[in-house]
Amino acid sequence: MRVLTGVLALLLSLPLGADEISPQRAVIALQTPGSVLIDVRTAEEFAAGALPGASRIGHDQIAAQIAALVPDKNTPIVLYCRSGRRSAIAQDSLAQLGYRNLINAGGHDQLKQALAQQN
């Protein structure tokens, strides 16, 4: 168990480029206690189908609203949208605010498939 925890910590500490999408890394991060899944799509997209456990904050509002949901800047945060573009914008915004463990999971469908393969 210690080895698994160590490997997870190492993987989460590795930086991703803002344009790098990693649904597989997102799946690993979501297994970490306290990790947060954020859907940055519109309210309409979210209502049409969000992933279980996801909170919605629009990519254009994330800088103003993130502290209320995730005050600890070391918390693993997994972001997704429809294609990965808006989640990359949100990732950049959060990085500028000092958040360190950010993962762009890409699109909703990509992450949903990666999560299904985990089971």
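Looking across region 38-64, the residues that are touching a Ser or Thr at 6+ places or on another chain (Cβ under 7 Å) and of a type in the set (A, V, I, L, M, F, W, C) come down to I38, V40, I62, A63.
Answer yes if at least one residue in region 64-74 is closer than 23 Å to Q117 by Cα, touching a residue at least 12 places away in the same chain (Cβ under 8 Å) and either under 12 Å from the mean Cα position of the chain (by Cα) or not in a loop (DSSP other than H, G, I, E, B) (or both), and no otherwise. Checking region 64-74: not a single residue is closer than 23 Å to Q117 by Cα, touching a residue at least 12 places away in the same chain (Cβ under 8 Å) and either under 12 Å from the mean Cα position of the chain (by Cα) or not in a loop (DSSP other than H, G, I, E, B) (or both). Taking each residue of region 106-118 that is within 20 Å of I77 (Cβ to Cβ) and looking for partners that are at pLDDT below 95 and hydrophobic (A, V, I, L, M, F, W, C) with beta-carbon atoms closer than 6 Å, six or more apart or interchain, yields G106/I21.
For L51, the test of being in contact with a Lys or Arg (Cβ under 8 Å, 6 or more places away or on another chain) and at pLDDT below 95 is failed.
Got at least one residue in region 25-43 being modelled with pLDDT of 95 or more, touching an Asp or Glu at 6+ places or on another chain (Cβ under 9 Å) and crowded, with 17+ Cβ neighbours inside 10 Å? Checked region 25-43: at least one residue is modelled with pLDDT of 95 or more, touching an Asp or Glu at 6+ places or on another chain (Cβ under 9 Å) and crowded, with 17+ Cβ neighbours inside 10 Å.
Restrict the check to region 101-109 and report whether at least one residue is closer than 19 Å to P23 by Cβ and assigned to a helix (DSSP H, G or I). Scanning region 101-109 turns up at least one residue that is closer than 19 Å to P23 by Cβ and assigned to a helix (DSSP H, G or I).
When region 44-74 is filtered for residues that are buried (at least 18 other Cβ atoms within 10 Å of the Cβ) and of a type in the set (S, T, Y), nothing remains.
The values are calculated or read from the model by the stated rules, or taken from the named source; none is laboratory data. Predicted, not measured: the structure shown is a model, and the values here were computed from it. Ideal geometry is used to build each Cβ from the backbone, glycine not excepted, and the neighbour counts take in all protein chains shown.
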